[in-house]
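The values are calculated or read from the model by the stated rules, or taken from the named source; none is laboratory data. In this text the structure is predicted, and so the values were computed from the model without any measurement. Cβ sites come from the backbone with ideal geometry, for glycine too, and all protein chains shown count toward neighbours. What goes into the accessible areas is simple: the full protein's heavy atoms, side chains included, and nothing from ligands, DNA or RNA. Shrake-Rupley method; radii C 1.70, N 1.55, O 1.52, S 1.80 Å.
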Amino acid sequence: MSTTTRDVSVPVGLSNALQATRDEHGVVVPEEYKLSAPADQLARIGGNVTSIFWAMGHWTSAGQGSHITTDPVSGVNRLSQVSVSITELDANNVPFIGAAGMAVYNVVPQDGDKVTVHWWVGWNSPLRIRLNYTVVN
């Protein structure tokens with residue numbers, strides 16, 4: 001098995017805090033960088049799932065860098081569990097995998113049916129992107 005080490009630093013701020021080892025099984029994060037809590041220390045929110053739904057927000061990036069945007073997403077409040085993925089769109093709004101790196105950093109559900117997302121695009125010119133929201137209440 002051959003193993004190589006490469007920098008997987010965070011594009012925003014170009015932090016070199018994380019080093020990863022990639023092998024044929026995926027990316028392995030060294031123990032000293034893993035964050036975890038014992039299961040008995042995790043807070044249990046309780047309750048039942050009352051709804052699961054999805055939404056989309058379309059944006060054009062201003063080129064390479066970090067962006068913070070807010071989309072109206074019906075039914076969201078500060079207690080909602082929201083997951084967001086990002087994808088590049090072609091001229092016909094069809095998702096595809098291009099050469100640009102993209103990442104979602106932070107997701108903040110808010111009262112008033114809004115979700116603010118901090119995302120990053122690694123391309124030197126504007127790209128059409130879509131944020132895909134999955135919301136659980």
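Students sometimes get this wrong: rank Leu79, Leu127 by accessible area, probe 1.4 Å, all chains present, largest first. Don't skip to the end; give the middle numbers.
Working: Leu79 135, Leu127 20 Å².
Descending accessible area places them as Leu79, Leu127.
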Q: Could you order Val73, Val107, Val94 by accessible surface area, starting with the largest, using a probe radius of 1.4 Å?
A: Val94, Val107, Val73
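Of all trypsin sites (Lys or Arg not before Pro) in region 41-137, which ones are in loop regions per DSSP and have a Cβ with at most 16 other Cβ atoms within 10 Å? Before the final figure, lay out each step's value.
Working: sites: Arg44, Arg78, Lys114, Arg128, Arg130; in loops: Arg44, Arg78.
Here the sparse-neighbourhood loop sites are Arg44, Arg78.
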